[in-house]
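**Q** Take this structure first; my questions come after.
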Amino acid sequence: MSKSILVALKIDITKIDEARLFQGKNGAKYLDATVFLNEVAGQFGDHGMITQSVSQEERESGVKGSILGNAKRLGEFGNNKYSAPAPAVVEAADDIPF
């Protein structure tokens with residue numbers, strides 16, 4: 001059985017470029033976003049960020065989507081069980097002078 005990753009997202013909706021919102025067939029408004037995830041949490045405990053998606057042509061010309069918020073990995077689901085991610089391991093350097 002495959003595992004799924006549980007991720008919490010925190011989005012600052014004031015950063016959304018409303019010109020990029022689009023209407024779906026059912027009448028709902030949508031926003032395409034991209035999530036970048038890292039295995040190890042960063043300085044503030046986040047595992048990644050959410051950006052507003054841009055087209056391939058825009059990416060190729062150097063346009064970047066606005067950063068909308070952060071992503072935090074909460075754990076994994078597998079075999080109907082939830083488990084929190086293991087804490088990051090930091091190895092000590094042998095050449096520390098104290």
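**Q** Working only within segment 49-73, note down all residues that are farther than 19 Å from Ala19 by Cα and assigned to a strand (DSSP E or B).
**A** Correct list: Met49, Asn70, Ala71, Lys72, Arg73.
**Q** If only one of Ala41, Ala8, Ala19 is surrounded by 10 or more Cβ atoms within 10 Å (Cβ to Cβ), modelled with pLDDT under 95 and out of contact with any His (no Cβ under 8 Å at 6 or more places or on another chain), which one is it?
**A** Within the list Ala41, Ala8, Ala19, the selection yields Ala8.
**Q** Let me ask something else about it. I'm checking my understanding of the structure. Among residues of segment 59-74 that are more than 12 Å from the chain's Cα centre (by Cα) and modelled with pLDDT of 95 or more, which one is surrounded by the fewest Cβ atoms within 10 Å (Cβ to Cβ)?
**A** Of everything passing the filter in segment 59-74, Gly62 is surrounded by the fewest Cβ atoms within 10 Å (Cβ to Cβ).
**Q** Something else about it: For segment 1-53, how many residues meet the condition of being polar (S, T, N, Q), free of Cβ contacts under 8 Å to residues at least 24 places away in the same chain and closer than 26 Å to Gly75 by Cβ?
**A** Qualifying residue count, segment 1-53: 3.
**Q** What pairs can you find where one residue is in segment 57-69 and farther than 20 Å from Ile11 by Cα, the other is hydrophobic (A, V, I, L, M, F, W, C), and their Cβ atoms are less than 6 Å apart, with a gap of 6+ or different chains?
**A** Sorted first by the residue in segment 57-69, then by its partner, the pairs are Val63/Val54.
**Q** I'd like to verify a number: residues in segment 14-48 that are in contact with a Leu (Cβ under 8 Å, 6 or more places away or on another chain) and assigned to a helix (DSSP H, G or I), how many?
**A** Summing the residues that are in contact with a Leu (Cβ under 8 Å, 6 or more places away or on another chain) and assigned to a helix (DSSP H, G or I) in segment 14-48 gives 2.
The values are calculated or read from the model by the stated rules, or taken from the named source; none is laboratory data. Just so we're clear, the structure is a prediction, and the values are computed from it rather than from any experiment. A quick note on method: Cβ atoms are made from the backbone with ideal geometry, for glycine too, and the neighbour counts reach across all protein chains shown.
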